[in-house]
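The values are calculated or read from the model by the stated rules, or taken from the named source; none is laboratory data. Every value quoted in this text rests on a predicted model; they were computed, and no experiment measured them. Cβ placement follows ideal geometry from the backbone for every residue including glycine, while neighbour counts extend to all protein chains displayed.
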Amino acid sequence: MLRSTASPGSRTARRALRWRTLTVIVGAAALLLSARATPGEPVRMRYPEGPSHGFVVLSESGRTIAHGELIQWLERRVIASRLIYRFDNGSLYDEVVRFTQQPVFRIQSYHLVQRGPSFKSATEVEFRPFGEIPRHGQGGGQGGGAGQWNDRGAG
């Protein structure tokens, strides 16, 4: 540690303070620059997923705000997982993910619906790998047709 024997207001003390400040700034910058984002690597399967069914409760400050269900089932070689929260105020969070798991986990499709007063706006998000983006409606019964989601996939 750098210690100065000069009085606090002296030129030497100010120089030592500037040196310490500069050292801290350079050290912080070096630390931030060395922490590069690495591209995501596939996650290898260690233990295969299988069917499951559970019930979940979402609480905030000790008060229950939603009850939900987590269901996971097999569709040939694909695992389908659905998480549903039904909020006490009538809001809905419904997420369905389909993925394969051999030799690594790969998402086959993803679908999320959020609607009701618990969310800023009604949202529907859906994607599939390889650039296939289906069409959806934005509330009020618009949309439909090709690409509309149902439990068997895009319809």
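Details
- Test result for D151, of a type in the set (D, E) and modelled with pLDDT of 50 or more: no
- Sub-7 Å Cβ pairs linking a first residue in region 68-88 that is in the same structural domain as V104 (by TED's automatic domain parsing) and touching a residue at least 12 places away in the same chain (Cβ under 8 Å) to a second residue that is surrounded by 13 or more Cβ atoms within 10 Å (Cβ to Cβ) and part of a loop (DSSP other than H, G, I, E, B), at least 6 apart or interchain, are Q72/E49; I79/E49; I79/Q101; F87/G116; F87/S118, ordered by first then second residue.
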